[in-house]
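K.L.:
Take a look at the following structure, please.
The values are calculated or read from the model by the stated rules, or taken from the named source; none is laboratory data. Not measured: the values here are computed from a predicted model. Note that each Cβ is placed from the backbone with ideal geometry, even for glycine, and that neighbours are counted across all protein chains shown. Keep in mind that these areas ignore ligands, DNA and RNA; they rest on the heavy atoms of the full protein, side chains included. Shrake-Rupley method; radii C 1.70, N 1.55, O 1.52, S 1.80 Å.
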Amino acid sequence: MSEVLIVIFATLIAGLAMPLGAVIAKMEHIKSDWLQQEFRHGVMAFGGGALLSAVGLVLVPESVEVLSLPSAVMFFGLGALAFMLLDILLVKINTPASQLSAMLADFIPESIALGAAFATGSHTAFLLAVLIGLQNLPEGFNAYRELNQHNRFKPWLLIGMFALMALFGPIAGVVGYVWLAPQPEVIGAIMIFAAGGILYSVFQDIAPQVKLAQHWLPPCGAVLGFGLGMVGYMLVQ
């Protein structure tokens with residue numbers, strides 16, 4: 001199998017974790033109401049922790065190695081500003097899609113980085129693909145629940161949309177493999193831009209929804225999500 005096909009396959013499998021998370025959210029049903037609430041809030045926290053691990057252990061460390069300090073600060077701030085403006089726009093048009101935006105902002109730059117990793121012969125490429133898939137699973141779960149709350153889309157239509165979004169992975173991966181591998185500064189700018197946007201989204205939209213009155217277990221999901229990313233990072237190192 002050629003390396004380009006491996007990039008396409010790896011990014012597609014990682015991306016299909018998004019509709020898989022949506023399928024789990026659709027089928028998820030726990031009879032006990034309090035356990036159902038804790039489970040949902042725990043998964044939301046896990047997704048937030050996974051996003052933070054992507055920022056702290058993948059996106060920022062990889063980008064600051066190739067960017068100057070002014071460039072890193074500028075693109076990081078622009079990412080947060082762009083997501084804030086997107087959030088304002090979504091509120092104005094009354095469309096709840098903040099977690100979907102965070103999911104795509106995480107998936108696309110990491111897929112670009114994955115394609116570049118294969119192009120440069122990095123031995124961490126397959127592990128990065130696994131980590132992307134593990135992050136996409138809870139993010140797909142949370143994004144589906146966010147969009148499904150308002151009953152604007154039929155459940156299977158949403159899942160189909162998530163499956164189509166998985167195709168962004170192979171496209172981004174091939175772009176990273178073919179065109180951006182010789183331009184690490186461009187990849188770094190994209191990654192730290194995404195990091196700023198994700199960090200904004202976590203504290204604006206995800207973290208405030210995790211808290212559940214008189215329940216203390218759900219926030220542990222954030223610790224578990226970040227811990228999973230940390231384990232992957234340490235294995236890579």
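K.L.:
Restricting to Cα pairs below 8 Å that are 6+ residues apart, what does the relative contact order work out to for the stretch 53-205? Please round to a whole percent.
P.N.:
Working: 174 pairs, mean separation 78.6, N = 153.
The value is 51 percent.
K.L.:
Which FRET efficiency, nearest 0.05, do TRP156 and LEU69 yield, Cβ-Cβ r, R0 45 Å?
P.N.:
Values: r = 48 Å, r/R0 = 1.06.
Efficiency, rounded to the nearest 0.05: 0.40.
K.L.:
By its C-alpha gyration tensor, with a ≥ b ≥ c as the square roots of the eigenvalues, how is the stretch 149-199 shaped: rounded for a/c under 1.5, else prolate for a/b larger than b/c, else oblate? It would help to have the intermediate numbers written out before the result.
P.N.:
Details: a/c = 6.76, a/b = 1.89, b/c = 3.58.
Taking the square roots of the gyration eigenvalues as a ≥ b ≥ c, the stretch 149-199 is oblate.
K.L.:
Test of understanding: what is the full-extension gain from LYS26 to LEU78, defined as 0.36 nm times their sequence separation minus their Cα-Cα distance? Let's see the in-between values first.
P.N.:
Details: separation 52, 0.36 × 52 = 18.72 nm, distance 3.49 nm.
Going from the current span to full extension adds 15.2 nm.
K.L.:
Keeping all protein chains in position, work out how much accessible area LEU81 exposes to a 1.4 Å probe, and write it in Å² to the nearest 10.
P.N.:
80
K.L.:
How much length would be gained if the chain were fully extended between GLU185 and GLN149, taking 0.36 nm per residue of separation minus their Cα-Cα distance, in nm to one decimal?
P.N.:
On the way: separation 36, 0.36 × 36 = 12.96 nm, distance 4.00 nm.
Separation in residues times 0.36 nm, less the Cα-Cα distance, equals 9.0 nm.
K.L.:
Once you have the Cα-Cα distance between GLU3 and LEU89, take 0.36 nm times their residue separation minus that, and quote the gain in nm to one decimal. Don't skip to the answer; put the middle values down first.
P.N.:
Working: separation 86, 0.36 × 86 = 30.96 nm, distance 3.99 nm.
The span from GLU3 to LEU89 would gain 27.0 nm if fully extended.
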